[in-house]
Every structure is written in C-alpha cells, then in structure tokens.
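The structure appears below as structure tokens.
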Amino acid sequence: MRLDLPTAGRVARRWLPVAAWLACSLFNTAQAADEIVVAQIGPFTGLPSPDAPDINTGAKAYFEQVNRSGGINGRKITLFTLDDRFTADGFKAALPQALERKPVALLSPVGSAAMSAVVRENLLDSANLIVVNAVPGADVLRKPGHARLFHVRASDRDQYARMLEHGRTLGVSTVHVLHQDLPIGVQGLAALKELAPGFGYKTIEGSQAQHNDDSLAAAAKATQAAAPQSVIVIGSPRFMADAVKHLREAGYGRSIMALSYLSAPLLVKAAGEAAARGVGIAQTFPNPNGRGLPLQAEFQATMARFAPEAKPYTAFQLEGYLSARVLVEALRRAKGSGPEALADALHAAGELDFGGFRLNFSKGNTGSQWVEMSVVDATGKLRY
C-alpha cells in the first residue's frame with residue numbers, strides 16, 4: 001500500500017506527538033532506573049526548632065558522599081522533602097504525595113502525634129517502603145511498632161532510665177514530671193512511673209500543660225509547690241525549653257532534666273543562659289563536635305566537604321547522617337530494593353559498627369540503646 005504525499009504528511013503529523021511522548025517516557029524510565037528515591041516528611045515549618053532541617057542536612061551530606069563515589073551499584077540517591085507542619089493530619093496528607101514518587105524509604109519522620117497515627121492507623125501496610133529512624137522514640141512506636149519501621153536512636157524509655165539512674169548518682173530521691181499534653185508527654189509520665197521502683201524511687205508525680213504561657217506557668221507553680229529534688233520536662237523541643245524558663249521563673253532552682261530533642265542553643269534562646277545552666281539533657285548519639293571516635297571524625301569530614309556552612313554540628317545532623325548510613329548499608333546488602341528485601345538485609349546484618357557507634361537489628365527493629373547525659377555549662381554549651 002502506497003500513501004500519497006498529503007496522506008503521508010497527515011500520518012506523520014498524527015504520530016509525531018505519540019513518538020515524542022514515547023521517547024520522553026522511555027527517557028524518564030531510564031532516568032528513574034538510574035536513581036534511588038528517598039523521602040523525608042517532617043516539620044520544616046510549624047515546629048520552632050531545627051529538627052527536620054538538621055536531619056536533612058546530615059542525610060544529604062552522606063548521600064552526596066555516596067553519589068560522588070559511584071552511588072549504589074551505579075545508581076544515585078535522590079532525597080526529597082515534604083512539609084507536614086508538625087501535625088498528624090499534615091503527615092497523613094503528605095504520605096500519599098510521597099508515595100507517588102515511589103521512594104524505597106522514608107527517612108526520620110518527626111512528631112509523636114504523626115508517628116502514633118502511622119502505627120495506630122496502619123499507614124505503612126500499603127506503603128511500599130521502609131522507615132529508617134523515627135523521632136521521637138516513644139514506646140507506642142516500638143511496642144508493637146511496625147515490621148517496616150526501624151529505629152536508629154535509643155528509645156525514650158532508655159532515656160528515662162538513664163535520667164533516673166543519673167538522678168540517683170546525684171542523691172535525688174524525689175522526681176516530678178512536667179509534661180506536654182501530647183502522646184510523648186502522657187506516655188513519658190507513664191513510663192517513668194513504671195521504671196521508678198527499679199531505681200529506688202517510691203513514686204513519681206506529674207503536672208500536665210498545654211504549650212502556652214498561662215498553662216506552663218500554672219504547671220511550673222504546681223511543680224515548685226511539690227518541692228521535688230529533680231524535675232524531668234517532656235514534650236516538643238520548644239515546650240521543654242519554655243518549661244525550663246517557667247520553672248526558673250517560679251523559683252525552682254534544683255536539678256532539671258530533658259529529653260534529647262532539646263538542643264542547648266534553643267534552651268538558651270528561650271530561657272537564657274542563667275536558667276539553662278546545669279540543665280541535664282539526655283543524648284542518644286555521641287557528641288557531634290567531639291573527638292575520640294572514628295564516627296565523629298568521619299561525620300565531621302563528610303559535613304566539612306558536603307555541608308560546609310553547617311558548623312557547629314548538631315545532634316540532629318548526626319542523626320540524619322547515621323540514618324542515611326543505615327539505609328545505604330541496607331541497600332548495599334539487600335537482594336532488591338523492596339521493603340521486605342531491605343528489612344531482611346538489616347535483620348541479617350548483625351552488629352553494624354559505624355566508627356564506634358554500634359547498631360544491631362538482628363533481634364528486632366530497634367538498633368541502639370545508647371544514652372548518655374550532657375549538661376549545659378555557664379556559656380550555654382553542652383558538656384558530655
């Protein structure tokens with residue numbers, strides 16, 4: 001069959017867009033095959049502390065190091081972010097958007113309300129990915145947790161145990177908890193009550209507060225009236241900083257301890273150097289600016305090369321860096337990039353030694369129980 005020239009022209013014009021679309025699709029498929037996509041959903045707005053941005057900085061620096069060295073079997077890692085505004089609804093809205101890009105993993109989501117909803121509503125059951133790390137380390141995210149949710153940081157319960165132990169070494173026998181009206185606060189008080197007898201404490205009482213000045217001031221006065229030898233503050237980073245401020249303003253001058261999510265700069269900014277001095281902050285990772293461990297040297301070298309503007313380094317940057325290293329280790333060991341393959345790789349890896357900081361997922365989905373106490377000094381810096 002022969003086509004006359006006008007007919008041939010019409011056929012060509014009709015099929016050119018199809019051919020262009022096909023070529024573009026083949027290009028995008030080839031491009032997608034050359035990359036490994038990782039998502040980070042977190043409070044890039046809404047939470048007045050740099051948790052998610054700092055985690056992102058540390059993770060991006062390590063992924064860039066891996067990419068510059070050839071990636072994973074030649075495939076480059078791409079990390080993208082979505083903002084959940086520090087709300088459970090925001091996270092649930094962002095998750096389907098993230099899944100459209102087919103990430104192999106979700107890296108270090110932040111927020112007790114958001115992550116409690118993930119576990120309670122089984123949001124990971126239909127998500128074709130694993131979650132590497134989650135902030136905070138509340139028990140509800142670990143017991144029962146989820147088969148695809150792997151924890152890099154020690155649990156909040158581990159932090160509470162270390163605080164109680166630390167208090168006993170200081171001669172403390174009475175502890176009061178000032179906590180936020182969020183899952184992290186309510187569950188934190190319950191965990192401390194449960195742990196208390198094992199460390200020689202008869203009982204632990206608490207005061208609950210919303211995150212506003214009136215509620216915090218009332219809770220701080222109630223805490224001061226109880227006259228405990230030590231106070232543990234539990235909540236979002238800014239809540240804990242503001243709680244310290246209100247406790248000092250209420251006249252409480254004794255020991256105060258806080259979870260690892262509170263940074264020294266945020267505490268000093270909210271409460272002032274005088275109020276911050278002597279506050280103990282649990283740490284779930286080694287000092288990011290310290291020396292002595294190969295991990296610290298490796299982290300600092302990576303950051304100096306790929307995030308030179310980031311100094312001084314923060315614990316959340318180190319957390320993002322380590323979370324990225326765990327995922328890369330799983331990708332290198334796994335027989336495939338599906339969630340079951342990545343999960344199997346982590347369980348089968350045994351002890352993973354990241355320069356003196358060890359993780360082990362062979363017995364479950366929690367890799368670390370490492371906790372140490374740090375103290376804010378007179379200059380507003382942390383002493384480990």
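The values are calculated or read from the model by the stated rules, or taken from the named source; none is laboratory data. As the structure is a computational prediction, the values presented were derived from the model and not from experiment. Methodologically, a virtual Cβ is constructed for each residue, glycine included, from the backbone with ideal geometry; neighbour enumeration extends over all protein chains shown. Surface accessibility is based on the protein's heavy atoms, side chains included, excluding ligands, DNA and RNA. Shrake-Rupley method; radii C 1.70, N 1.55, O 1.52, S 1.80 Å.
I'd like the full set of residues that are assigned to a loop (DSSP other than H, G, I, E, B) and open to solvent by 20 Å² or more (accessible area, probe 1.4 Å), limited to segment 284-303.
Listed by number, the residues that qualify are N287, N289, R291, G292, L293.
Among all residues of segment 334-355, there is none that is within 16 Å of F63 (Cα to Cα) and among the acidic types (D, E). Can you name every residue in segment 97-135 that is among the small types (G, A, S) and part of a loop (DSSP other than H, G, I, E, B)? Hits for segment 97-135 are S108, G111, S126, A127, A134. Pairing each residue of segment 41-52 that is among the β-branched types (V, I, T) with any residue that is part of a loop (DSSP other than H, G, I, E, B) and surrounded by 24 or more Cβ atoms within 10 Å (Cβ to Cβ), provided the two are 6+ apart or on different chains, yields C-beta distances under 9 Å for I41/D84; I41/P109.
Filter segment 167-179 down to residues that are closer than 22 Å to Q224 by Cα, open to solvent by 40 Å² or more (accessible area, probe 1.4 Å) and in a helix (DSSP H, G or I), then give me how many there are. Total satisfying the criteria: 1.
Any chance segment 122-129 includes a residue that's under 25 Å from D156 (Cα atoms), within 20 Å of the chain's Cα centre (by Cα) and surrounded by fewer than 17 Cβ atoms within 10 Å (Cβ to Cβ)? Yes, segment 122-129 contains a residue that is under 25 Å from D156 (Cα atoms), within 20 Å of the chain's Cα centre (by Cα) and surrounded by fewer than 17 Cβ atoms within 10 Å (Cβ to Cβ). As a summary of the residue check, L182 satisfies the conditions (1) farther than 25 Å from V38 by Cα; (2) in contact with a strand residue (DSSP E or B) (Cβ under 7 Å, 6 or more places away or on another chain); (3) of a type outside the set (S, T, N, Q); (4) buried (at least 22 other Cβ atoms within 10 Å of the Cβ) except for the one numbered (2).
Which one of these does A154 not meet: (1) open to solvent by 10 Å² or more (accessible area, probe 1.4 Å); (2) assigned to a loop (DSSP other than H, G, I, E, B)? Only one criterion in (1) open to solvent by 10 Å² or more (accessible area, probe 1.4 Å); (2) assigned to a loop (DSSP other than H, G, I, E, B) is unmet by A154, namely (1).
When segment 243-264 is limited to residues that are out of contact with any strand residue (DSSP E or B) (no Cβ under 9 Å at 6 or more places or on another chain) and assigned to a helix (DSSP H, G or I), the one that is farthest from K381 (Cα to Cα) turns out to be E249.
One line per residue, one yes/no per condition, for (1) on the phi < 0 side of the Ramachandran plot; (2) open to solvent by less than 60 Å² (accessible area, probe 1.4 Å); (3) touching a residue at least 60 places away in the same chain (Cβ under 8 Å):
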residue: L322; (1), (2), (3): yes, yes, yes
residue: E329; (1), (2), (3): yes, yes, no
residue: D353; (1), (2), (3): yes, no, no
residue: T366; (1), (2), (3): yes, yes, yes
residue: S374; (1), (2), (3): yes, yes, yes
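Here L192 meets each of (1) part of a helix (DSSP H, G or I); (2) open to solvent by 10 Å² or more (accessible area, probe 1.4 Å); (3) under 23 Å from S374 (Cβ atoms) with one exception, condition (2).
In the list F316, F361, F357, which residue meets the criterion of being closer than 21 Å to V66 by Cα, over 16 Å from the mean Cα position of the chain (by Cα) and either open to solvent by 30 Å² or more (accessible area, probe 1.4 Å) or touching a residue at least 60 places away in the same chain (Cβ under 8 Å) (or both)?
Among F316, F361, F357, only F357 is closer than 21 Å to V66 by Cα, over 16 Å from the mean Cα position of the chain (by Cα) and either open to solvent by 30 Å² or more (accessible area, probe 1.4 Å) or touching a residue at least 60 places away in the same chain (Cβ under 8 Å) (or both).
Would a scan of segment 271-283 turn up a residue that is surrounded by 24 or more Cβ atoms within 10 Å (Cβ to Cβ), modelled with pLDDT of 95 or more, under 17 Å from A154 (Cα atoms) and of a type in the set (A, V, I, L, M)? Yes: segment 271-283 contains one or more residues that are surrounded by 24 or more Cβ atoms within 10 Å (Cβ to Cβ), modelled with pLDDT of 95 or more, under 17 Å from A154 (Cα atoms) and of a type in the set (A, V, I, L, M).
In segment 223-259, the residue that is farthest from I184 (Cα to Cα) out of those that are at pLDDT 95 or above and among the hydroxyl-bearing types (S, T, Y) is Y252. V140 fulfils the conditions (1) open to solvent by less than 10 Å² (accessible area, probe 1.4 Å); (2) β-branched (V, I, T); (3) in contact with a Pro (Cβ under 7 Å, 6 or more places away or on another chain) except for a single criterion, (1). Summed over segment 284-313, residues that are among the charged types (D, E, K, R) and in contact (Cβ under 8 Å) with a residue 40 or more places away in the chain total 2.
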